[in-house]
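In what follows, a structure is listed as structure tokens, so that the remarks can point back to it.
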């Protein structure tokens, strides 16, 4: 394996890293808006969605927080060319998988939310998988140390 300090990554490395950081910051903002949502705002949602959010256990919300916080940290580590980005992106993926497994497996979220909302969750999962894969690849390529 080559020394990352001597291996210059291609331009798309930086583009992907910057896009990952922006993506994960958006996720962090959405997480914060969900956990601090005022009751009067939640009351504007359809009853099934209100029940969904009100019945979500704190530990599931915690995995959501883990997913987005690890995503931001992983992105920063990636841009700093640190190999720790890879395991941190794995933590983010674990957070996404646990949150989605509960939301769609236990709470039947697919019956509560529209297809666009579900599609966004599928896309989030795919991005999390892609970031794990790409950080592993760039580590193996010597761009992360």
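Listed here are the residues, each with its yes/no results for (1) over 14 Å from the mean Cα position of the chain (by Cα); (2) under 27 Å from residue 113 (Cα atoms); (3) surrounded by 12 or more Cβ atoms within 10 Å (Cβ to Cβ); (4) modelled with pLDDT of 95 or more.
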position: 4; (1), (2), (3), (4): yes, no, yes, no
position: 8; (1), (2), (3), (4): yes, no, no, no
position: 11; (1), (2), (3), (4): yes, no, no, yes
position: 16; (1), (2), (3), (4): yes, no, yes, yes
position: 20; (1), (2), (3), (4): no, yes, yes, yes
position: 23; (1), (2), (3), (4): no, yes, yes, yes
position: 27; (1), (2), (3), (4): no, yes, yes, yes
position: 32; (1), (2), (3), (4): no, yes, yes, yes
- [ ] Report whether or not residue 83 is surrounded by 12 or more Cβ atoms within 10 Å (Cβ to Cβ), within 15 Å of the chain's Cα centre (by Cα) and at negative phi.
- [x] no
TODO: Would you check which residues across the range 96-116 are in contact with a helix residue (DSSP H, G or I) (Cβ under 8 Å, 6 or more places away or on another chain) and within 22 Å of residue 24 (Cα to Cα) and list them?
DONE: 96, 97, 98, 99, 100, 102, 103, 104
- [ ] Kindly provide the set of residues from the range 101-122 that are at pLDDT 95 or above and either within 17 Å of residue 77 (Cα to Cα) or buried (at least 16 other Cβ atoms within 10 Å of the Cβ) (or both), ordered by number.
- [x] 102
Task: Residue that is surrounded by fewer than 17 Cβ atoms within 10 Å (Cβ to Cβ), in contact with a helix residue (DSSP H, G or I) (Cβ under 9 Å, 6 or more places away or on another chain) and assigned to a helix (DSSP H, G or I), where the choices are 66, 77, 125, 93 - done: 125
Task: Count of residues meeting criterion [in contact with a helix residue (DSSP H, G or I) (Cβ under 6 Å, 6 or more places away or on another chain) and closer than 19 Å to residue 63 by Cα] in the range 128-145 - done: 3
Open item on the list: Going by what's in this entry, would residue 58 be described as out of contact with any helix residue (DSSP H, G or I) (no Cβ under 9 Å at 6 or more places or on another chain), modelled with pLDDT of 95 or more and either within 19 Å of residue 99 (Cα to Cα) or surrounded by 18 or more Cβ atoms within 10 Å (Cβ to Cβ) (or both)?
Closed with: yes
Task: Enumeration of residues in the range 60-80 that are farther than 12 Å from residue 20 by Cα and within 11 Å of the chain's Cα centre (by Cα) - done: 63, 64, 65, 66, 67, 69
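The values are calculated or read from the model by the stated rules, or taken from the named source; none is laboratory data. Since we're looking at a predicted model, the values are computed, not measured. All Cβ positions, glycine included, derive from the backbone under ideal geometry; neighbour counts span all protein chains shown.
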